[in-house]
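The values are calculated or read from the model by the stated rules, or taken from the named source; none is laboratory data. All values derive from a computational prediction rather than experimental measurement. Using ideal geometry, Cβ is built from the backbone for each residue, glycine included, and neighbour counts are taken over all protein chains shown. Ligands, DNA and RNA are stripped out before the accessible areas are found, and what is left, the full protein with its side chains, is counted by its heavy atoms. Shrake-Rupley method; radii C 1.70, N 1.55, O 1.52, S 1.80 Å.
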Amino acid sequence: FQNQAEIDAHKVQPDAVPGDIKFEDYNGDGKISADDRHYIGSPDPLFTVNFANTLAWKGFSLYFNFRWAQGNQTHFLWFDPNAFGTTMTGGAQLASVKPWQAEGDGDRYPRYGWGTSTLGKSLNYQFWNPRSFLKLKDLVLSYNLEPRWTKAIGLNATRIYVAATDLITISNWSGIDPENAGTIAANAGSDRYGSNGAYKTVTVGINLTF
């Protein structure tokens with residue numbers, strides 16, 4: 001809610017204050033209750049696609065692998081300015097989140113300290129975020145030296161290459177990496193509150209065959 005007029009117009013949350021989350025009266029019975037819960041998405045993708053190919057020209061070779069996952073969502077703790085405080089167990093506010101403070105601050109984050117206590121009940125809410133993504137997962141550019149050059153130095157084959165992983169990610173996911181859906185770089189064993197990031201890596205190498 002941005003102001004009192006929005007609270008009055010919504011009617012089903014008369015005790016809310018500006019900066020609180022607006023809940024939908026999904027079944028239209030004039031109140032917010034467990035009966036308003038409904039399906040909004042799944043953490044499992046509708047489909048995943050891997051598309052890979054190798055292009056070759058003379059001694060050059062280019063290998064690429066794209067990974068696409070579509071249609072999944074996951075709860076995302078970072079939308080909660082209270083972090084592990086009011087709504088979770090222990091902890092403190094996430095420093096990078098700027099809670100709503102005044103009208104016009106946007107509708108991404110609620111005010112700090114807000115909670116469903118103003119409704120007189122626990123709604124067991126979660127913040128959800130889309131996880132669909134397209135990644136350039138692997139890219140390898142290589143060159144095989146001509147046999148006459150390698151045999152001159154006593155080798156059967158020489159391959160020079162540059163390889164990269166997780167080079168490009170296109171996604172609306174707000175966390176570290178949509179592929180594992182973690183929220184913050186902590187507690188890496190939990191798919192709900194933390195994850196390891198996907199690091200871009202570049203490797204340069206030479207394969208020698210004797």
* Residue among GLY120, GLY115 that is touching a Ser or Thr at 6+ places or on another chain (Cβ under 7 Å) and at pLDDT below 85 -> GLY115
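One line per residue, one yes/no per condition, for (1) surrounded by 13 or more Cβ atoms within 10 Å (Cβ to Cβ); (2) at pLDDT below 90; (3) not aromatic (Phe, Trp, Tyr):
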| position | (1), (2), (3) |
| --- | --- |
| ILE170 | no, no, yes |
| ILE176 | yes, yes, yes |
| ASN180 | yes, yes, yes |
| ALA188 | yes, yes, yes |
| THR203 | no, no, yes |
| THR209 | no, yes, yes |
* To do: Could you grab me the full set of residues in segment 125-172 that are farther than 30 Å from ASP44 by Cβ, outside any strand (DSSP E or B) and not acidic (Asp, Glu)?
  => LEU145, PRO147, ARG148, TRP149, THR150, LYS151, ALA152, ILE153, GLY154, LEU155, ASN156
* Structure fact -> Among residues of segment 88-107 being farther than 10 Å from PHE1 by Cα and charged (D, E, K, R), the residue modelled with the lowest pLDDT is LYS98
* Taking segment 36-49 as the search range and keeping residues that are more than 27 Å from LYS22 (Cα to Cα) and open to solvent by less than 90 Å² (accessible area, probe 1.4 Å), which one is nearest to the chain's Cα centre (by Cα)? -> PRO45
* Are there any pairs with C-beta distances below 8 angstrom linking a residue in segment 137-163 that is over 30 Å from GLU179 (Cβ atoms) and among the small types (Gly, Ala, Ser) to a residue that is at pLDDT 80 or above and not in a loop (DSSP other than H, G, I, E, B), with the two at least 6 apart or on different chains, and if so which? -> ALA157/ASN144; ALA157/PRO147; ALA157/THR150; ALA157/ASN207; ALA157/LEU208; ALA157/THR209
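Could you list, in sequence order, all residues of segment 34-62 that are of a type in the set (A, V, I, L, M, F, W, C) and outside any loop (DSSP other than H, G, I, E, B)? Give the steps one after another, and end with the answer.
In the first step, residues of segment 34-62 are kept if they are of a type in the set (A, V, I, L, M, F, W, C); the result is 34, 40, 46-47, 49, 51-52, 55-57, 60, 62.
Once the filter is applied, which keeps residues that are of a type in the set (A, V, I, L, M, F, W, C) and outside any loop (DSSP other than H, G, I, E, B), segment 34-62 yields ALA34, PHE47, VAL49, PHE51, ALA52, LEU55, ALA56, TRP57, PHE60, LEU62.
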* To do: Please list, ordered by first then second residue, the pairs with beta carbon atoms under 8 Å, 6 or more apart or interchain, first in segment 18-35 and among the charged types (D, E, K, R) and at pLDDT 90 or above, second open to solvent by 40 Å² or more (accessible area, probe 1.4 Å) and not in a loop (DSSP other than H, G, I, E, B).
  => ASP29/ASP35
